[in-house]
1. Taking the Cα centre of each part, how many Å lie between segment B:172-215 and segment B:120-149?
2. Which of the peptides B:134-143, B:62-71 is most tightly packed, and how do the rest follow, judged by the mean count of other Cβ atoms within 10 Å per residue?
3. Specify the inter-centroid distance of segment B:44-71 and segment B:86-103, based on alpha-carbon positions, in whole Å.
4. Given the pairs B:LYS20/B:LYS155; B:LYS20/B:LYS119; A:LYS20/B:LYS100; A:LYS119/A:LYS155; A:LYS44/B:LYS20, which are separated by over 25 angstrom at their Cα positions?
5. Express the relative contact order of chain A as a whole percentage, based on alpha carbon pairs under 8 Å and six or more residues apart in sequence.
6. Using each residue's phi in segment B:160-165, evaluate 6.51 cos²θ - 1.76 cosθ + 1.60 at θ = phi - 60° and report the 3J(HN,Hα) Karplus result to the nearest Hz, with x for Gly and Pro.
7. Copy-to-copy spacing for B:ALA191, label 7 Å out on the Cα-to-C-beta vector, in nm, shortest first?
8. With the label 7 angstrom out along Cα to Cβ, how close does B:ALA128 come to the same site in each of the other copies, in nm, nearest first?
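Only the coordinates and a few stated rules stand behind these numbers; no lab work does. A quick note: this is a predicted structure, and the numbers were derived from the prediction, not measured. Please note: Cβ atoms are built from the backbone with ideal geometry, for glycine as well, and neighbour counts cover all protein chains shown.
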Protein chains: 2
Amino acid sequence: MTSFIEPLAQESTPSIVADKLRQAIAHGELKPGAQLGEAELARKFGVSRGPLREGMQRLTQEGLLVSIRNRGLFVIDMTPDEIRDMYLAREAIERAAARKIVAGDYEAAGDELLAIVDKMAAAEGDPAAVGEIDIAFHERLVELAHSPRLSRMHKTFITETRMCIHALEETYSASEVRVGEHRTLAQAIRAGDHLHVDDLLMAHMDDAVTRLVNR
Amino acid sequence: MTSFIEPLAQESTPSIVADKLRQAIAHGELKPGAQLGEAELARKFGVSRGPLREGMQRLTQEGLLVSIRNRGLFVIDMTPDEIRDMYLAREAIERAAARKIVAGDYEAAGDELLAIVDKMAAAEGDPAAVGEIDIAFHERLVELAHSPRLSRMHKTFITETRMCIHALEETYSASEVRVGEHRTLAQAIRAGDHLHVDDLLMAHMDDAVTRLVNR
DNA sequence: GGCGTTAGTATTGTCGACAATCTACCTATT
DNA sequence: AATAGGTAGATTGTCGACAATACTAACGCC
């Protein structure tokens, strides 16, 4: 059991705003290219424009929003080049995460990831569910590396990934292939086979990019 | 010659504030653990607290500042664990950058980097200068990959790197070794030898970490 | 003497209002 | 008819003031 007595970290309002906005962008409530009207958003969140703007600045720093002076903030739209760059960055982070996992307790980590793959296999037939579990797999992969920096950066790219999926209404072709790819990857981690993990990850990312870009 | 007529991108005030703060942190004007008093900083920058706070939120998102509710924002202090994590992230980014460079025009990139190494060799004897050129080398390495995301993330870690150097007053032992390491790396890039580049980069980062942590 | 309580002070968090700027539309002129 | 100029509306950028919260220190109580 975990202790109930722990530092009670109250999140700041800008941080909450940033999270909510990130979710809205991820799930397509704020579409690529859309402008974020301050007055309207402030009303919807029930805060004044000050804290709202502070939250939006965070997403600007993350690269999820772009600022045009005296015009406002807009959701980035993911051109093919942007998608390629995003996956380049994701690959960099996940490779580093995998490398650190393999240098540590890779067996426990592998087991956890295999459990997620099982859930993915069970959800086969429901493309949306498979997609969610796919993302959960990669999120967990990075978390298991216990690196604050890798995790923080990865969160941004996961948002962008979700954005792409929603924007393109990606038809998850051949979900059995996807389940297989993830299982192989998890098994390689379970076995601590660093080089294999690395190759699989890179191939996996390449697949994803081509799937999204040549849709 | 480059055209003079180009979209004149006026930076927003929060963005300028963020840059200035980043520099202040990098160069030790704001020391690790120090609190950023809003009223005082706003006065010094000549802006009101609103834009200042927005700029500070950006650095919070970057992880350079930590927020404690109702207490303020503080500069992170780099524990040995933090340093290790930072170099893990830097390594992830620079490896990805190098990989992309080698997949492109690695000869031009290698030449550019070798030129920087020459400058470093010329500055030998002046540890501070060598340190600056060292950082410039890595900055350019990432820029040459032409990846907006890698560059953006790397900027944060360069700031943290500078922070460490200033905090620890690092005595750059054996600068001829450092020049050599960078030259070998640049030559490997010039030759397009991906595997060698990868190995050299990882070794280089490991060296840096142990140098900083076991000071 | 140690602990809990209570002002006092300083700092942050939040808000509403004003100023600056841009877009869109309309008008007048060539 | 097309372009320059001007005006109105809306939105962002900025500021100053107020409210809420946490630290400091002095005081009283057990």
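1. First find each Cα centre; the distance between them is then 12 Å.
2. Details: B:134-143: 19.0, B:62-71: 15.7.
Packing proxy ranking, top to bottom: B:134-143, B:62-71.
3. Taking the Cα centre of segment B:86-103 as reference, the centre of segment B:44-71 is 29 Å away.
4. Working: B:LYS20/B:LYS155 13 Å; B:LYS20/B:LYS119 27 Å; A:LYS20/B:LYS100 34 Å; A:LYS119/A:LYS155 22 Å; A:LYS44/B:LYS20 33 Å.
B:LYS20/B:LYS119; A:LYS20/B:LYS100; A:LYS44/B:LYS20, as the Cα separations exceed 25 Å there.
5. 25 percent
6. For segment B:160-165, the Karplus-derived couplings read 5, 4, 4, 3, 4, 4 Hz, x marking Gly and Pro.
7. 3.2
8. 6.1
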